[in-house]
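Colleague: For reference, the structure I am asking about is given below.
The values are calculated or read from the model by the stated rules, or taken from the named source; none is laboratory data. Computed from a predicted model, the values in this text were never measured in an experiment. Every residue, glycine as well, gets a Cβ built from its backbone with ideal geometry; the counts of neighbours run over all protein chains shown. Side chains included, ligands, DNA and RNA excluded: accessible areas come from the protein's heavy atoms. Shrake-Rupley method; radii C 1.70, N 1.55, O 1.52, S 1.80 Å.
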Amino acid sequence: CGRGPGGCRGGRTDMALRCAASLAAGRQPRGPRREGTVRWSSAAKASAVKINEKASREKILTLESMNPQVKAVEYAVRGPIVLKAGEIEKELRKGIKKPFTEVIKANIGDAHAMGQRPITFLRQVVALCTYPNLLDSPSFPEDAKKRARRILQGCGGNSLGSYTASQGINCIREDVASYIERRDGGVPADPDNIYLTTGASDGISAILKILISGGGKSRTGVMIPIPQYPLYSAAISELDAIQVNYYLDEENCWALNVNELRRALNEAKAYCNPKVLCIINPGNPTGQVQSRKCIEDVIHFAWEEKLFLLADEVYQDNVYSEGCQFHSFKKILYEMGPEYYNNVELASFHSTSKGYMGECGYRGGYMEVINLHPEIKGQLVKLLSVRLCPPVSGQAAMDIVVNPPVPGEESYAQFIKEKESVLNNLAKKAKLTEDMFNKIPGVHCNPLQGAMYAFPRIFIPSKAIEEAKAHKMAPDMFYCMKLLEETGICVVPGSGFGQREGTYHFRMTILPPVEKLKILLEKVKDFHIKFLEKYA
């Protein structure tokens with residue numbers, strides 16, 4: 001090789017190492033740079049692999065060494081059944097025959113993915129902010145241009161591509177405060193108490209982070225409704241807090257009962273320090289809308305027991321049932337008088353993702369936090385500053401939710417027509433879903449008063465429960481997996497949201513177009529009847 005005796009041996013070792021690297025990468029090893037092809041014997045290949053094995057070492061990050069709190073996190077909405085749905089979709093694309101031609105993902109409230117059209121005005125303003133050259137185009141209405149210019153003036157360099165203040169663009173926070181005042185009939189709102197967030201989830205997680213402390217029996221307990229949206233249980237697991245369950249009353253349209261809150265609180269005091277009470281109104285996955293009296297009772301309970309209130313109000317525009325009305329916790333708190341309004345600590349949340357907008361992908365949201373200790377305000381801003389700022393396009397989208405066209409502006413007629421069309425459609429689908437489910441033997445569905453999901457209770461025969469146990473599955477997971485494999489319909493088992501022992505449910509969104517929703521519900525009906533016959 002031209003290097004002398006010692007060099008030859010070194011060359012062979014170098015060559016073996018190169019071979020090992022090539023084999024590991026799936027490439028044919030190369031020999032020295034000479035004319036002709038080098039052929040490697042099986043012995044040489046084996047030797048190279050052996051060297052490569054010696055060179056490798058154990059991974060630093062393994063299931064055993066990873067953060068145990070992260071490992072404990074579960075998020076049913078995108079859990080095992082959704083992964084299985086993805087596998088089935090790949091099989092369908094490969095031409096593998098199934099009893100269906102498509103997977104219908106009814107597992108998540110993703111409006112646009114289900115065919116809902118965007119609100120024109122919102123998209124116009126975001127487009128103008130994204131590409132300001134369009135401000136000169138006659139194709140865009142002046143009221144959209146006016147809002148876009150105002151938002152851009154609040155951005156560094158008049159660009160959506162710049163960072164903003166960690167709390168969000170100031171003029172958008174002002175618009176949020178004005179919206180809250182209009183919504184709540186004049187109850188004052190301070191822009192300094194508004195924090196723009198990456199969807200509502202970001203705000204909920206941030207507040208929980210600063211609330212959770214202590215160890216042992218003094219560890220923070222967080223009271224959450226059962227059934228609940230799995231963000232809460234996931235965040236509690238990640239932060240190593242204590243989950244305190246209170247059960248909604250299924251027999252009474254998923255109502256919240258203060259006696260149940262008191263039971264849960266008193267039991268939890270034996271093993272943790274309960275100091276946070278989470279409310280979802282309208283409910284997810286249960287769809288109930290809380291009455292004014294219920295909210296007053298909850299606020300009094302929080303005041304009495306010194307609990308920090310979290311009000312998840314992202315479905316505030318989604319109220320369908322006659323006699324039901326959305327009441328914000330902030331408004332009721334104010335109307336209960338200064339003893340409550342000046343003392344109860346409350347964080348409430350809203351988002352671009354739900355309502356009539358359905359703009360999930362923009363990740364726009366806000367939280368309003370009142371009665372926060374001044375020093376804690378600084379700590380919250382510090383925590384939020386670690387992620388620099390929420391997506392600026394999401395902030396712009398949130399601005400249009402809280403500052404839409406008003407009567408007299410040129411875009412108002414089209415905006416209100418689109419908004420009412422979406423909400424009327426959802427109301428129609430809520431009633432259709434409830435009625436069709438309640439015609440299926442062994443299925444009961446409470447009225448869908450609000451939000452965008454059904455959470456029917458299903459009867460599962462004991463034979464099916466035994467088979468589920470044999471497959472190491474929860475009975476409703478077994479049911480939902482069978483439903484997916486036989487019909488292509490992807491829903492989320494109730495066990496992923498929590499439910500009373502011995503009851504079984506699934507959550508299904510009502511977002512598909514009406515005709516597609518009818519087909520989906522018919523398929524569920526046919527499947528359920530066959531399921532009961534098979535396992536009777």
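Colleague: Of all residues in the stretch 485-506, which are in contact with a strand residue (DSSP E or B) (Cβ under 7 Å, 6 or more places away or on another chain) and closer than 15 Å to Pro80 by Cβ? Full working, then the answer.
Modeller: The first filter runs over the stretch 485-506 and keeps only residues in contact with a strand residue (DSSP E or B) (Cβ under 7 Å, 6 or more places away or on another chain), leaving 488-494, 497-500, 503-506.
Hits for the stretch 485-506 are Cys490, Val491, Val492, Pro493, Gly494, Phe497, Phe506.
Colleague: Among the residues of the stretch 114-132, how many are part of a helix (DSSP H, G or I), under 24 Å from Val402 (Cβ atoms) and not β-branched (Val, Ile, Thr)? Working first, answer last.
Modeller: Keep residues of the stretch 114-132 that are part of a helix (DSSP H, G or I), which gives 114, 120-130, 132.
When the remaining residues are screened for being under 24 Å from Val402 (Cβ atoms), the result is 120-130, 132.
Those left that are additionally not β-branched (Val, Ile, Thr): 121-124, 127-129, 132.
Count: 8.
Colleague: Identify, please: which residue in the stretch 522-536 is aliphatic (A, V, I, L, M) and out of contact with any strand residue (DSSP E or B) (no Cβ under 9 Å at 6 or more places or on another chain) and is, among those, farthest from Pro227 (Cα to Cα)? Let's see the steps before the verdict.
Modeller: Here is the first cut: in the stretch 522-536, the ones aliphatic (A, V, I, L, M) are 524, 529, 532, 536.
The next check asks that each one be out of contact with any strand residue (DSSP E or B) (no Cβ under 9 Å at 6 or more places or on another chain); those that pass are 529, 532, 536.
Values: Ile529: 26, Leu532: 25, Ala536: 28 Å.
Applying the filter and picking the extreme gives Ala536.
Colleague: Given the structure, is Asn273 free of Cβ contacts under 8 Å to residues at least 24 places away in the same chain and surrounded by fewer than 21 Cβ atoms within 10 Å (Cβ to Cβ)?
Modeller: On the way: free of Cβ contacts under 8 Å to residues at least 24 places away in the same chain: no; surrounded by fewer than 21 Cβ atoms within 10 Å (Cβ to Cβ): yes.
No.
Colleague: Something else: Write out, first by first residue and then by second, each pair whose Cβ atoms fall under 8 Å of each other, whose residues are 6+ apart or on separate chains, and whose first residue, in the stretch 513-536, is assigned to a helix (DSSP H, G or I) while the second is among the basic types (Lys, Arg).
Modeller: So the pair list comes out as Val514/Lys428; Val514/Lys429; Leu517/Lys429; Lys525/Lys439; Phe527/Lys482; Phe531/Lys482; Tyr535/Lys463.
Colleague: Which condition from (1) in a helix (DSSP H, G or I); (2) crowded, with 18+ Cβ neighbours inside 10 Å is the one that Glu267 breaks?
Modeller: (2)
Colleague: Keeping to the stretch 454-477, report how many residues are surrounded by fewer than 22 Cβ atoms within 10 Å (Cβ to Cβ) and assigned to a helix (DSSP H, G or I). Reasoning before the result, please.
Modeller: Initial filter on the stretch 454-477 (surrounded by fewer than 22 Cβ atoms within 10 Å (Cβ to Cβ)): 457, 459-474.
Narrowing further to those that are assigned to a helix (DSSP H, G or I): 462-470.
Result for the stretch 454-477: 9.
Colleague: May I ask you to verify whether Lys428 is modelled with pLDDT of 95 or more, basic (Lys, Arg) and either over 24 Å from the mean Cα position of the chain (by Cα) or crowded, with 22+ Cβ neighbours inside 10 Å (or both)? If you could, list the steps in order and put the result at the bottom.
Modeller: Values: modelled with pLDDT of 95 or more: yes; basic (Lys, Arg): yes; either over 24 Å from the mean Cα position of the chain (by Cα) or crowded, with 22+ Cβ neighbours inside 10 Å (or both): yes.
The answer is yes for Lys428.
Colleague: When you scan the stretch 305-352, how many residues do you find that are over 24 Å from Val401 (Cβ atoms) and either surrounded by fewer than 20 Cβ atoms within 10 Å (Cβ to Cβ) or of a type in the set (D, E, K, R) (or both)? Steps first, answer last, please.
Modeller: Let us first name the residues in the stretch 305-352 that are over 24 Å from Val401 (Cβ atoms), namely 305-308, 322-323, 335-345.
This time we only want the ones that are either surrounded by fewer than 20 Cβ atoms within 10 Å (Cβ to Cβ) or of a type in the set (D, E, K, R) (or both), so: 305-306, 322-323, 335-343, 345.
Selection size over the stretch 305-352: 14.
Colleague: Still on this model: Report whether or not Val77 is within 30 Å of Asp240 (Cα to Cα), modelled with pLDDT under 85, open to solvent by less than 50 Å² (accessible area, probe 1.4 Å) and out of contact with any Phe, Trp or Tyr (no Cβ under 7 Å at 6 or more places or on another chain).
Modeller: Working: within 30 Å of Asp240 (Cα to Cα): yes; modelled with pLDDT under 85: yes; open to solvent by less than 50 Å² (accessible area, probe 1.4 Å): yes; out of contact with any Phe, Trp or Tyr (no Cβ under 7 Å at 6 or more places or on another chain): yes.
Criteria met by Val77.
Colleague: Moving on. Return the only residue of Ser139, Ser166 being among the small types (Gly, Ala, Ser), open to solvent by 30 Å² or more (accessible area, probe 1.4 Å) and in a loop (DSSP other than H, G, I, E, B).
Modeller: Values: Ser166 fails: open to solvent by 30 Å² or more (accessible area, probe 1.4 Å).
Residue meeting the stated conditions: Ser139.
Colleague: Among Asp190, Asp184, Asp175, which is open to solvent by 60 Å² or more (accessible area, probe 1.4 Å) and either at pLDDT 95 or above or of a type in the set (Phe, Trp, Tyr) (or both)? Steps first, please.
Modeller: Details: Asp184 fails: open to solvent by 60 Å² or more (accessible area, probe 1.4 Å); Asp175 fails: open to solvent by 60 Å² or more (accessible area, probe 1.4 Å).
It is Asp190.
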